[in-house]
Amino acid sequence: MAQGQMAPGIVSGRLSSDELTSNFTDLHPPLAPHEAAVAADRCYFCYDAPCVAACPTEIDIPLFMRHIQAGQPEAAGETILAQNILGGMCARVCPTETLCEEACVREAAEGAPVEIGRLQRYATDSVMAGGAHPFDRAAPTGKTVAVIGAGPAGLACAHRLAMLGHDVVIHESKPKPGGLNEYGIAAYKSTNNFAQAEVDWLMQIGGITIETGSVLGETISLDGLSTNYDAVFLSIGLAGVNALRAGGIDKDGVRPAVEFISDVRQASDLAALPVGRNVVVIGGGMTAVDAAVKSKLLGAEHVTIAYRRGRDAMGASRYEQDLAASHGVKIMTNVQPVAVHGNGAAAEIELEYTSSEGGQLTGTGEVIRLPADQVLKAIGQTLEGAPEGLKLDGNKIAVTGAGRTSITGVWAGGDCAAGGEDLTVTAVAEGRDAAMDIHANLTA
Amino acid sequence: MADLKTNFLGIESPNPYWLASAPPTDKEYNVRRAFEAGWGGVVWKTLGSEGPPVVNVNGPRYGAIYGADRRLLGLNNIELITDRPLEVNLEEMARVKADYPDRALIASIMVPCEEEAWKAILPRVAETGADGIELNFGCPHGMSERGMGSAVGQVPEYIEMVTRWCKKYYDRPVIVKLTPNITDIRKPAEAAKNGGADAVSLINTINSITSVNLDTFSPEPSIDGKGSHGGYCGPAVKPIALSMVSEISRAQATHGLPISGIGGVTTWRDAAEFMALGCGTVQVCTAAMTYGFKIIDELTAGLSKWMDEKGYKDVSEIVGLAVPNVTDWQYLNLNYVAKAKIDQDQCIKCGRCYAACEDTSHQAISMSEDRVFEVMDDECVACNLCVDVCPVDGCISMEPMAAGEVDPRTGREVQPNYANWTTHPNNPMAKAAE
Ligand SMILES: Cc1cc2nc3c(=O)[nH]c(=O)nc-3n(C[C@H](O)[C@H](O)[C@H](O)COP(=O)(O)OP(=O)(O)OC[C@H]3O[C@@H](n4cnc5c(N)ncnc54)[C@H](O)[C@@H]3O)c2cc1C
Ligand code: SF4
């Protein structure tokens, strides 16, 4: 029974099952063949195309467009997957507006880029619909590599190594592989359990074993891994969340946004998932937007993103900001949390306006209180569980070249490694490149 | 609004747009609808001799070539002449002409290449009140195998002979429709003229196979696994038609012979181009078959608007305006030197000009690290390929060099005078300039 949007507190069933189902369908529905042909035809087949340089995995975009134009979406898909084995997920989650599509010359010409992301999805979906796996393994090398973490970086690394003939064991702490593809990415970007389907499809290459419940620092250690395997790749992401400094932060109803998002992704019945009537999300990145939009889609009446700096400084792209706004999320900028008020459970949040001069952020003293029965903290994730002895660069694992850490025989990539944006596509690129380097090392 | 009233061979029509002899003009029902929509005239679907009519295939008759978004660029057909009895067609023609006296109604005819056959049909056509006849010497399939259509159109002597019979047994204008499936279009046109034709119309369709099915290996359109070449028409054939029309317009033997232009007319602009090359009317088929009769509204309004802008009052003023500018290659001015110029403000940095020039032309465009593309005047031969491949209209232009400037490619000064190949020193046959 739907309780309705007006029910106070954090409750489930604000919307009917039908409303929820329609809310959580694909943000961008897949292209039909004719739509895809027309959309791909817009590609100019640029020389040394800028979109390719703008893609962290350097997919040969004009070539795959041409395959679509020529009526072979599967060939297009193979072109994509050869560079980016998670091309299917990237097609859904890449902030294309700041990557390939931003660089598209038609963006410059008419403000309407070729729809690279959607066409990439069309192409990779055609390959996956065929069921078969387009890549073969090279002759066995007899080497075995340990990959820690089954997120995009780990999966990309494992697949490339398996393809090159090595055996791979992926150690994953969570019950399911996929990393944030499974537990983080917005539900309306990855529908129909796509993350697991993609992992299953990827595993068809053979030679990869995934051991879930295998936790580095608990059930396994880097020393042990280094002894038992020919090389180690660390792709443990950012398992911790940054601490928020404000009063009353321990009240009920205050929690990390990533946990909330993970609950949404793992929910078997969205109607059973509780959400506040008045939700305030602290932060300004993609996670903040995802959490805010999801709250709205679950039926929260008022959802506000509170970000301490100006709009331009937000981690979420303009497109993502507009996405939030179009769902009725209010974005407040230049406000920072002072305290959460309420008797045991959150009821209000007190925000202070800020001004930044010369990069220095200071509170102006002016405060505002918003009703808030649920407060989601989306102020960034942080490295957690990195093995002792590894050199760090800031808060991440320091790497040189293609992911070489300070310890010989140990590589790292994805969110846990320094350098690059924290994006799925960057994680894939780093995993793949580390695999090539590991391969070069093992076969030298 | 410029008046589009047209007088072609004394046949009047409210505008120069006639529907070509084809499925759109196959019967009274269509033709009435076309006239209601505003078409200036029709050439009725080709009539055959008395007796059992021809039969068509019962599978697909058409095949197509598409551009982006399935825009139909070329259409191919294996349809024959009318498959309805002669009597029925004649009755319908008479009725329609009586109801639409201000529209042109032309009878297209294809009967065997025997004088008796023509002698028999012509008086019956005359009775309908049709304004003239068009001899179908163009159909490239089916009928040609029976010694008609393009089988006649490919032999100038037959054209002349049949035209002569027609002039003998029919007293209204005779238009000879020419096939493009021939090496030199001037020969059949001349033959038609010699036979007494009042005009020629061209082009009929071009022999074609639109595609091959890669599963069955049958040409398309496929009839039970086999295909046959058909007649190609639509926007794709327009350049071929324009060239053939221009040949007839400027040849000494046929200069001034009235022409009804056919071949891919899709918008008013195509019509204006055909007319500028010497056509008194244009015939439309594929565009109507693709979009329906309503396109006549754009065709007429567009032509009229353009004429207003240019100050033309009568369509006859446009006819032939471009003919004096069609010449042979050998007479082109070799002292004319142009260079490509890229407008950097309009450039979207796709690099297509660079790829085209670098891979396939003269290596005359440079590309910088930050994707600035510039023409190297010392390599540019002004081939125009960059202009043709640039996706931005007007971004690259060909700018002529002024006399007296030094062409950095050749190191020679641009000469003010006109000079062509006939007098060029590299030409072994050159005649000294007089
Ligand atoms: C809410 C949210 C939304 C996002 N939306 C987008 C988006 O739309 N587009 C985009 O491009 N990017 C997005 N990102 C970022 C993207 O998800 C990450 O950049 C990407 O997943 C990083 O991949 P990874 O393999 O490095 O790490 P992860 O995906 O985090 O995978 C790390 C894996 O390691 C496992 N692990 C961690 N510690 C251990 C351990 N000690 N032992 C064993 N296993 C361990 C984890 O369980 C996990 O499976 C989003 C991130 C979040 C949080
Ligand atoms: S992986 Fe992402 S950035 Fe690269 S081409 Fe595909 S959608 Fe664009």
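The values are calculated or read from the model by the stated rules, or taken from the named source; none is laboratory data. Since this is a predicted model, take the numbers as computed values, not measurements. Methodologically, a virtual Cβ is constructed for each residue, glycine included, from the backbone with ideal geometry; neighbour enumeration extends over all protein chains shown. Each accessible area value is taken on the protein alone, full model and side chains, heavy atoms only, with ligands, DNA and RNA left out. Shrake-Rupley method; radii C 1.70, N 1.55, O 1.52, S 1.80 Å.
Between residue A:132 and residue B:290, the simple spin-label model (points 7 angstrom out along Cα→Cβ) gives 3.8 nm. Taking a point 7 Å out from the Cα of residue A:345 in the direction of its Cβ, the residues of the range A:259-291 whose backbone N falls within less than 14 Å of it are A:274-279.
Can you tell me how the range B:301-358 classifies by the Cα gyration tensor, rounded, prolate or oblate, using a/c under 1.5 as the rounded cut? The shape class here is oblate. Residue A:203 exposes around 50 Å² of accessible area when a 1.4 Å probe is run over every protein chain in place. Going by a ≥ b ≥ c, the root eigenvalues of the Cα gyration tensor, does the protein assembly as shown fall in the rounded group (a/c under 1.5), the prolate group (a/b larger than b/c) or the oblate group? It is prolate, given that a/c is not under 1.5 and a/b is the larger ratio. Given their separation in residues at 0.36 nm each and the Cα-Cα distance between them, residue B:346 and residue B:298 gain 14.2 nm when the chain is fully extended. Residue by residue along A:37-50, Cβ atoms of other protein chains within 10 Å of the local Cβ number 5 on average.
Of all aspartates and glutamates in the structure, the ones whose alpha carbon falls short of 19 Å from that of residue A:143, not counting any fewer than 8 places away in one chain, are A:167, A:211, A:223, A:230, A:433, A:437. Computed with a 1.4 Å probe over protein heavy atoms only, the accessible surface of the range B:340-423 comes to 56 Å² per residue. Taking both sides together, the accessible area buried where A meets B is about 1000 Å² for a 1.4 Å probe. Taking θ as phi - 60° and the Karplus parameters 6.51, -1.76 and 1.60, the scalar couplings of the range A:180-193 work out to 5, 4, 8, 10, x, 3, 3, 4, 7, 9, 10, 9, 6, 6 Hz in sequence order, x denoting glycine and proline.
Between the C-alpha center of the range B:344-385 and that of the range B:172-227 there is a gap of 40 Å.
Legend: calculated FRET efficiency, residue A:141 to residue A:211, from the Cβ-Cβ distance at R0 = 30 Å, rounded to 0.05, equals 0.90. With contributions of -39500 (n - 2.57) from each DSSP H run of at least four residues, the per-residue ellipticity at 222 nm computed over the protein assembly as shown stands at -9000 deg cm²/dmol.
Extending 7 Å from Cα along the Cβ direction at residue A:191 and again at residue A:406 yields two label points whose distance is 4.8 nm. Measuring against 20 Å, Cα to Cα, the residue pairs B:27/B:97; B:119/B:168; B:177/B:313; A:174/A:251; A:296/A:377; A:251/A:377 contain B:177/B:313; A:174/A:251 as the ones spanning a longer distance. With contacts taken as Cα pairs under 8 Å and at least 6 residues apart, chain A reaches a relative contact order of 18 percent. For residue B:6, the residues 5 or more places off, or on other chains, whose built amide H falls under 5 Å of its own are B:13, B:15.
Within the full protein context, the accessible area of residue A:379 is estimated at about 60 Å² for a probe radius of 1.4 Å. Going from the isolated chain to the complete set of protein chains, the range B:326-370 loses at least 40 Å² of heavy-atom accessible area (1.4 Å probe) at B:348, B:350, B:352. So which residues in the range B:44-72 end up with at least 40 square angstrom less accessible surface once the other protein chains are there, compared with the chain by itself, probe 1.4 angstrom? Correct list: B:69. Derived scalar couplings between HN and Hα for the range A:280-288 equal 10, 10, 9, x, x, x, 5, 5, 4 Hz in order, rounded to whole Hz, by the Karplus curve 6.51 cos²θ - 1.76 cosθ + 1.60 (θ = phi - 60°), x for Gly and Pro. Multiplying the residue separation of residue B:331 and residue B:58 by 0.36 nm and removing their Cα-Cα distance gives an extension gain of 93.1 nm. Computed over protein heavy atoms with a 1.4 Å probe, the carbon and sulfur contribution to the accessible area of the protein assembly as shown reaches 50%. Residues of the range A:95-126 that bury at least 30 Å² of accessible area once all protein chains are present, compared with their chain alone (1.4 Å probe, heavy atoms only, ligands and nucleic acids left out), are A:105.
Residues of the range A:34-60 with an amide N closer than 15 Å to a point placed 7 Å from the Cα of residue B:68 along the Cα-to-Cβ direction: A:35-46. With contacts taken as Cα pairs under 8 Å at a separation of at least 6 residues, chain B carries a relative contact order of 13 percent. The residues of the range B:6-325 expose on average 40 square angstrom of accessible surface per residue, using a 1.4 Å probe on protein heavy atoms. Name the shape class, rounded, prolate or oblate, that the alpha-carbon gyration tensor gives for the range A:242-377, where a ≥ b ≥ c are the square roots of its eigenvalues, rounded holds for a/c under 1.5, and otherwise prolate holds if a/b is larger than b/c and oblate otherwise. Judged from the Cα gyration tensor, the range A:242-377 comes out oblate (a/c at least 1.5, b/c at or above a/b). Partner aspartates and glutamates whose Cα lies under 15 Å from the Cα of residue B:45, excluding those fewer than 8 positions away in the same chain, are identified as B:26, B:28, B:79, B:83, B:87, B:91, B:92, B:131, B:134.
Each label was represented as a point 7 Å from its Cα along the Cα-to-Cβ direction; for residue B:126 and residue A:63 these points are 7.2 nm apart.
Solvent-accessible surface of protein heavy atoms, probed at 1.4 angstrom with all chains present, puts B:255, B:229, A:159, A:439 in the order B:255, B:229, A:439, A:159, largest first. For residue A:381, nonlocal amide neighbours, meaning residues 5 or more places apart or on other chains whose placed amide H falls under 5 Å from its own, are A:242.
Phi angles of the range A:333-340 translate, via the Karplus equation with coefficients 6.51, -1.76, 1.60 and θ = phi - 60°, into HN-Hα couplings of 10, 6, 9, 10, x, 9, 7, 9 Hz per residue; Gly and Pro are given as x.
Potential lengthening of the chain between residue B:36 and residue B:362 amounts to 111.9 nm, from the contour at 0.36 nm per residue minus the alpha-carbon distance. Annotation: amide H of residue B:279 within the under-5 Å range of B:320, sequence separation 5 or more or interchain, hydrogens built in the peptide plane.
Per residue, the range A:405-444 exposes 35 Å² of solvent-accessible protein surface, assessed with a 1.4 angstrom probe and all protein chains in place. FRET efficiency for the residue B:370 to residue B:410 pair, using the beta carbon distance and R₀ = 30 Å, is estimated at 0.45.
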